[in-house]
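Let me begin by presenting the structure, written as structure tokens, before commenting on it.
The values are calculated or read from the model by the stated rules, or taken from the named source; none is laboratory data. All values derive from a computational prediction rather than experimental measurement. Counting neighbours? That spans all protein chains shown, and the Cβs are built from the backbone with ideal geometry, glycine included.
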Amino acid sequence: MNNSLPQYIGAEQAVLGTIFLDSKRLLDVMDKISVEDFFDLRHRTIFQAMILAFEESINIDYQTVIAKLNQMGQLGSAGGIEYVMELAEHVPTTLHLDSHIELVIDASLKREIIETSSEITNMGFKENINAIEYVTRAEEMIFAVSQKRSTSEFSTIDKILKEVQDKIEKQRNRGDITGLRTGFSNIDQITSGLQPEELIILAARPSMGKSALALNLALNIAKKNKDNKAGVAVFSLEMSNDQLVSRIVSLEGDIDGNKLRRGSLDSKDWANFHAANESLKSLNIMFDDSAAVSVSDIRAKCRKLSQEKKLDFVVIDYLQLIKGDSKSGNRQEEVARISRSLKQMARELKVPVLALSQLSRAVETRDDKRPVLADLRESGSIEQDADIVMFLYREDYYQRDEDKKTGDVELSIAKNRQGQSGINLHFKFEPEYSRFIAVDRREEESYRD
């Protein structure tokens, strides 16, 4: 069994020899290969000398490279003058440079994976790491290698136009909704459906109903997309799984949530309960109520669902309860990292991610308690990373007279990177059923800063 590391010495020689025959090809090589991609130490040294000469605007040929190697004190490490002069002999033609580059990259990537796998193996022998942390860290390390190698080049406009045309034709029969249907026509009209790779922030003061609205969205998306097969992952750091599902049963079965909590259901309620069970059990909604979950935990679990083709939408309730991965002690910096990581997760998995967020208490000190972007708690980076920021506001939350409560709710679209913002959408909230109902208004009010 051959246990030597992957290498294509001939391809490495051909790459360097091609540069000696046609120095203009150095740019092509530098765009795709780094010094570390060469396995042979001699080739690394020679390529480094070529790069240094290029950066000093020195023409690349045998003499200039040998002179540069001498300056570096590395001529011996490069195999000496004779070896440098022989490199072009390994190149019958310069036409196959791209093929030689691919071979060098292929071997380098394999070596990098082998090295990473060795690190993962050694990490597994440490007693201070549990299995979940080990799997998560291993996934992150392998993913980092693949990301490092996922380079992209410029695309010509004619190629992009073709992609745009194909996308338009695919969407032709879907109307204006190009993303996930939320079940709320007013939200869909503003967003064209929740789009892949978007980070959506839903923020409000406590008890405004943001968890209830998130569950409404989760249920609707599971039911109204991919023929009722859309996969939804709900991470709740505040409520338990049974509390969440009880709310969904109340919503789906038209059962008063207080009756569910007390277990005081009459015959009609029981009939509705069983009907809701039948309707809900076929949906692909998954719950995780781990209290001390970190972004890496969330990403690892979502990545697994994505690999199984079971992930289309992620809900996180709520952002400020996510455990920080660092030990800096600076919560604002931690929240900034969490926010950035959630956006990166949305891009990696190509699904919309809805993260709930608390607002600062400064809202309560104003006469007009409608939230603004400055109220986002603990980090301005939340606003920066988010594609959409929505604020939930119920004026009757501050009304102590129960008879005067209207159930009117405003959902303010304060930021919308790909569409219209500064809009108030209107809903009725039925707290006993955790239900939101869109109110159709011809002219939405402008969002008040």
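What the table below lists for this structure:
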quantity	calculated
Residue check for Asp106: loosely packed, with under 15 Cβ neighbours inside 10 Å and in contact with a Pro (Cβ under 9 Å, 6 or more places away or on another chain)	yes
Checklist (1) touching a residue at least 12 places away in the same chain (Cβ under 8 Å); (2) surrounded by 13 or more Cβ atoms within 10 Å (Cβ to Cβ); (3) over 26 Å from the mean Cα position of the chain (by Cα); (4) part of a helix (DSSP H, G or I) applied to Val145, failing item	(3)
All positions within the stretch 257-293 that are part of a helix (DSSP H, G or I) and of a type in the set (Gly, Ala, Ser)	Gly257, Ser267, Ala271, Ala275, Ala276, Ser279
Long-range neighbours under 7 Å by Cβ, at least six apart or interchain, first residue more than 16 Å from Leu87 (Cβ to Cβ) within the stretch 56-74, second β-branched (Val, Ile, Thr)	Ile58/Thr64
Restricting the stretch 361-370 to residues that are at pLDDT below 80 and surrounded by 15 or more Cβ atoms within 10 Å (Cβ to Cβ), the residue that is nearest to the chain's Cα centre (by Cα)	Val363
Index of the failed condition, Arg247 passing every other in (1) outside any helix (DSSP H, G or I); (2) closer than 25 Å to Leu425 by Cβ; (3) of a type in the set (D, E, K, R)	(1)
Positions within the stretch 260-303 being buried (at least 18 other Cβ atoms within 10 Å of the Cβ), among the charged types (D, E, K, R) and in contact with a helix residue (DSSP H, G or I) (Cβ under 6 Å, 6 or more places away or on another chain), in sequence order	Arg299
Residue check for Ser339: hydroxyl-bearing (Ser, Thr, Tyr), modelled with pLDDT of 80 or more, assigned to a strand (DSSP E or B) and assigned by TED's automatic domain parsing to the domain that holds Leu251	no
Subset tally (residues that are exposed (fewer than 14 other Cβ atoms within 10 Å of the Cβ) and in contact (Cβ under 8 Å) with a residue 60 or more places away in the chain) for the stretch 32-55	1
Residue identified as closer than 23 Å to Lys310 by Cα and either at pLDDT 85 or above or over 34 Å from the mean Cα position of the chain (by Cα) (or both) among Asn272, Asn284, Asn258	Asn284
Index of the failed condition, Ala233 passing every other in (1) surrounded by fewer than 17 Cβ atoms within 10 Å (Cβ to Cβ); (2) in contact with a Cys (Cβ under 7 Å, 6 or more places away or on another chain)	(1)
Glu36 being part of a helix (DSSP H, G or I) and under 44 Å from the mean Cα position of the chain (by Cα)	yes
For Thr136: the one exception among (1) modelled with pLDDT under 80; (2) loosely packed, with under 12 Cβ neighbours inside 10 Å; (3) hydroxyl-bearing (Ser, Thr, Tyr)	(2)
Residues of the stretch 51-80 classified as part of a helix (DSSP H, G or I) and closer than 25 Å to Lys110 by Cα, total	1
Conditions (1) hydrophobic (A, V, I, L, M, F, W, C); (2) within 23 Å of Asn284 (Cβ to Cβ); (3) not in a strand (DSSP E or B); number of the one not met by Leu202	(3)
Conditions (1) within 21 Å of Val315 (Cα to Cα); (2) modelled with pLDDT under 90; number of the one not met by Asp158	(1)
Matching residues in the stretch 22-31 - criterion: being part of a helix (DSSP H, G or I), surrounded by fewer than 16 Cβ atoms within 10 Å (Cβ to Cβ) and not hydrophobic (A, V, I, L, M, F, W, C)	Lys24, Asp31
Residue within the stretch 9-21 that is without any contact (Cβ under 8 Å) to a residue 12 or more places away in the chain, part of a helix (DSSP H, G or I) and over 24 Å from Arg111 (Cα atoms) present	no
